[in-house]
Each structure stands twice: as structure tokens, then as C-alpha cells.
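Structure, as C-alpha cells:
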């Protein structure tokens, strides 16, 4: 969506606003079953703001840096903003939604023009590399509120501690796993993939080699020949056995999916590298496209539901994140995929499972004129399970997950999706993240995508030579940051 959307003030009666971890916090925040702070207690920032008569101020929430800008998601975001404005009369929360492809540039322009919004997000790890140093340190607010983060995996909390500042509280997590089209498995006469870690497939360990063999049987040309047949026609493929959609040419993402955790930056923080397991991962993908023909190239992807390949009904297995529940079915018309489920990822060349992780939070820009009010609004947004659900995210707080999956069960009934797979995969995040820091991040990120584009579009590429040249280019980019 290119147009900006805003929802204005809806004044109403004031009620207490609590953070997402409301069920976990102690007496410092008050609430049911807890003692109120003593008269001598130091009030939290939001308590101090609420204790005095107020002149209404506008707080702008900027959405588009991560998920949240899809047409199907905006009505729920508008409803939460309306609920907040109805809950109090001191803050007018405004929603601004910008297309994801334009959001980063739009925000950077507004910051440079001293016209920055107050709250941004959901913001993921990649976006943090551009704006993390401009976010308010929430640590003092969190500490004075007495919030207990023990039900959130420590690694998720640490992901939002940048240069000693806690710039966000994990709200939404998106492990990746395999979505698979059960109808295509039935047509091919093959068993469905494993749902448990350590489970074998047809007597063999579940590795990327096993996935390849399975994908060959699931890849079918327009004459009905699968990719194991001598009669298979790679120029006329009807169904592809495997994809990893929506990675947007990102070579780091593909290397992580098929190769495991790694980094383009050595431990010294300045030296460019490409780990051996990442080379293996990209080789697997390249061979899958150009030798085995089990993975679609970019031209084929564009022809499959305009890039939403699994939704087309012509992809048997697809590595995507939890957030993809938003988009399995089209916004209009009958779905091409009517029977699907999810499976665990295989063991990679590094000897372990790697579930490429996305995680989102909402942060406050440190340029805000009204940090107390912005924190109050952020608190309300963070405790709204409707947002996490509409973003297709697993709640970062473990105790909230049962309700999240129950809502998904209702949405996708009568299908019986094995959501335990998603929970299992959360234990195998990529570390370091495929979206982690690189010197001169934007230019380095663009170079990684150029490499990904070559892999996706070049049938006769010398991949090792291309990776070697890419390391040299990254080093030049890293050096230019000094």
C-alpha cells in the first residue's frame, strides 16, 4: 500500500494502560491481585504522566518497516488505535501506514527533516541496523515499571539491546519451517515430511539431502513426469518441489536457510567472510534451481501468484516464517491451496537445524517530544494480542501462545495444522542472525542482494568465483565505513 493511512482521536474514559508483560509484572505496576505502590514509591514514567492534568498531545505510530502494512492487517491496527483513543483523553494516537518497500526511505527522510514520528514498528532485526541508534532507551521505563521478562527467551530480549540501550521488548516472533501442500504429496504418492525433531523420513535422517530427493519426486512437468524421470521437461514445469519465498534476493537469508547460521563479518567486526556452510547452502540452492530444477528461478517465481509461490498451489514445500499464515489464502477468490500443514526443518551442513528467525518489536524514536506519552501508547499496543495475531506472529511471551494458536485453529478450520512445529523451531534460531550488523549496512545489504540476484537468474554461474568476488566487494564496502 502506497498511501498513508491515519486514524485520529476518539476521546473517552481513561483506564490504566499496562505493558505486554502485564501478567508477569509485580506490584510496581498495580493491577489485579497486587498491592498498590506505597506513597513513597517513585512513580513510573507513565504513572507520573497520568497523575497530573493533561493537555492532549498527538503521538504518531509509523507502520511499514516490517510486517503490518498488508491490506488484511490494517483494519485490526486501526481498531487497536481506536481502542486506545477511547480508553483515555490525554493522548491522540495516530496510525501511519507506509508500503514496506518505501517505509525505510520515508522514515529516513522524515527524520532528516525533523518530522519524525514517535513510535515505529513492528520493527525487525534488519530495520534496527538503520534506525536502532535513534531509538529511545526503554530501560528506565521498564525498570520503574517492574516488568519481569523471564517468560521471554533471553536471546530475544538481547536482540533488542543495542549499544547498551534496551530499544524494545520482544513482542512478536516468527520462526521459520516448511509449509507443505498435502494435496501435492498425495498426488505424488509420497509420505508427508516429519513433524518432530529427530524424526526420520522413510528410514533416512531428515537432512537437506533427503529434502532434495523428496523434492525431485514432487517436481512435475506439464506432461506429468517428475524430476526423477528421463522424460522430465525442465522447460515446462507445472509443480516445483521446493521454494523459500519472500527472501527478496537476500544471499545471507538463502545461505542461512540451506546452510545454517553464519555471518558475513568476522569476529573482529571489520573483516568480510563467507563461511563454508554458507557456501554449501548457496550451492544447494543454485543446484536446486539450475541442475535439479526443483526450485523456481526468479522468472518462474514472478509467474506463480506474483511471487506468493505457495499460494499458487504449485509449490509442494516452502520454507517461510510463521507470519506467512497471513497470506496462504488470497484476499479474494477461492484458494488454490486447500489442504496444507507444516513440518520441521532438516539438519543442515553444519550439523544442526537452523530456523531462520524474524522478531519484531515496537520502539520509540529518541526525538519524540513526549516520551512519557509515547511509552504509554507503546504499552497499550504491546499488550494487544490482536496485533500479534494479525501479524501472524507467535507471542514472545510463552504464556500467551496457547490463545494465539487457538485463534489460528479457528481461522483455518477444519484443517488441523500442527502448530507444535512452530514452537519446536523457535528453539533453533539462527545465531548470529542472517539480518545482523555489517559495516556500512545498507550498501553491504544491497551487495548481498546483488549476489542473490545472480544466483536466481544466471544458469552458468561459477558460484565459488562469484562468492570470492563478493567477499572482496564486501571488504571494500566495510572499509569505506571507517
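Read-outs: derived from the displayed coordinates by stated rules, not from any lab. Quick caveat: nothing in here was measured; it's all calculated off a predicted structure. Heads up, the Cβs are rebuilt from the backbone with ideal geometry, glycines too, and the neighbour counts pull from every protein chain shown.
Odds and ends about this structure:
- Distance in nm between pseudo-label sites at residue 469 and residue 235 (7 Å out along the Cβ direction from Cα): 2.8
- Length-normalised contact order of the chain in % [C-alpha pairs under 8 Å, at least 6 apart]: 23
- Nearest 10 degrees, 0 to 90: helix 100-112 Cα axis against the chain principal axis: 40
- Here the relative contact order of region 261-307, from alpha carbon pairs under 8 Å that lie six or more residues apart, stands at 20 percent.
- Computed lengthening from residue 418 to residue 270, 0.36 nm per intervening residue step minus Cα-Cα distance: 49.0 nm
- Mean separation of Cα pairs under 8 Å and 6 or more residues apart, divided by the residue count, gives region 239-288 a relative contact order of 35 percent.
- Here residue 480 and residue 339 are evaluated by their C-beta separation; at R0 = 51 Å the FRET efficiency comes out at 0.50.
- For region 425-482, a/c is not less than 1.5, where a ≥ b ≥ c are the root eigenvalues of the C-alpha gyration tensor, and a/b does not top b/c. That puts it in the oblate class.
- Under 17 Å from the residue 326 label point (7 Å along Cα→beta-carbon), backbone N, region 244-273: 245-248
- Modelled FRET efficiency - R0 45 Å, residue 462 with residue 225, Cβ distances, 0.05 increments: 0.90
- Antiparallel %, DSSP beta bridges [both residues in the chain], to 5: 65
- Kirkwood hydrodynamic radius (C-alpha pairs) into Stokes-Einstein, region 318-387, 37 °C and 0.692 mPa s, D in µm²/s: 199
- Which label in (i) 67, 65, 43; (ii) 80, 56, 41; (iii) 114, 64, 30 gives the computed Cα extents along the principal axes in Å: (ii)
- Tensor-based shape of region 68-205 (alpha-carbon gyration tensor, a/c under 1.5 rounded, otherwise prolate or oblate): prolate
- Extension gain from residue 113 to residue 411, taking 0.36 nm per residue of separation minus the Cα-Cα distance: 103.0 nm
- In the chain, the longest principal axis of the Cα atoms and the axis of helix 463-480 are about 30 degrees apart.
- For region 157-256, the percent of C-alpha pairs falling in each 5 Å distance bin, counted from 0 to the bin holding the largest distance, reads 2, 10, 15, 16, 16, 14, 9, 5, 5, 4, 2, 1, 0.
- Rounded to 10°, Cα long-axis angle of helix 401-412 versus longest principal axis of the chain: 60
- Residue-averaged [θ]222 nm for the chain, counting only DSSP H segments that reach four residues, each worth -39500 (n - 2.57): -10500 deg cm²/dmol
- Over 16 Å [Cα-Cα, region 358-440], rounded percent: 65
- Label-point separation, residue 402 to residue 161 (7 Å along Cα→Cβ), nm: 3.0
- The slack in the chain from residue 287 to residue 204, taken as 0.36 nm per residue of separation less the alpha-carbon distance, amounts to 27.7 nm.
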